[in-house]
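A short worksheet on the structure shown next.
The values are calculated or read from the model by the stated rules, or taken from the named source; none is laboratory data. Everything numeric here is computed off the predicted structure, so don't read it as measured data. Neighbour counts run over all protein chains shown; Cβ positions are idealised from the backbone, glycine included.
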Amino acid sequence: MELTEREALLRLTSLCSQAEHCSYEMEEKMRRWGLGPEEQAGIMKYLIDNKFIDDRRFARVFAIDKIRYNKWGSRKVDQAMWAKHIDEEIRRETLAGIDEKEYMDVLRPLIKNKRKSIKTENEYEMNTKLIRFALGRGFTMPQIKECLHGDIPEEDFGE
């Protein structure tokens, strides 16, 4: 679908007014719409100058949403922001700005509920499955260990 520069600008400003978007998403849309590099650059300058797009603001909102609603840990959030081409410095700042309590408030109930649904022969197997589950959600080993309340001897973590 080919759009003029004016049509693209109107669509993108409308989109950005409704929800947070990152610059990479807007660039991808413009590429699909067949806009040239000069047109894209002009539109991006307008969107950034007029605060329609702000990758720092996007990263903060994105991270909090993924933690609270998708129940993701910092590693998975970082990976998702990387996939959206968010600058490493912005990713680092964003994740550093999130309180550890935020992650723990998500991880504790996740592990508690998962524990109820897992059928295993012994506690070791249970904890192994819980660790794998939490790692898959992007949580770190220290966070997981804290949630398991020291149920697992230190040597079983391979540290």
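Does segment 31-42 contain any residue that is part of a loop (DSSP other than H, G, I, E, B) and exposed (fewer than 14 other Cβ atoms within 10 Å of the Cβ)?
Yes, because at least one residue in segment 31-42 is part of a loop (DSSP other than H, G, I, E, B) and exposed (fewer than 14 other Cβ atoms within 10 Å of the Cβ).
Please specify each residue of segment 11-30 satisfying the condition of being loosely packed, with under 12 Cβ neighbours inside 10 Å and part of a helix (DSSP H, G or I).
SER14, SER17, GLN18, listed by residue number.
Given the condition touching a residue at least 40 places away in the same chain (Cβ under 8 Å), more than 30 Å from CYS147 (Cα to Cα) and outside the structural domain of THR140 (by TED's automatic domain parsing), answer yes or no: does some residue in segment 25-40 qualify?
yes
Please enumerate the residues belonging to segment 44-59 that are surrounded by 13 or more Cβ atoms within 10 Å (Cβ to Cβ) and over 20 Å from ASP87 (Cβ atoms).
TYR46
Considering every residue within segment 4-16, establish whether at least one is under 19 Å from THR94 (Cα atoms) and either without any contact (Cβ under 8 Å) to a residue 60 or more places away in the chain or in the same structural domain as HIS85 (by TED's automatic domain parsing) (or both).
No, that holds for no residue.
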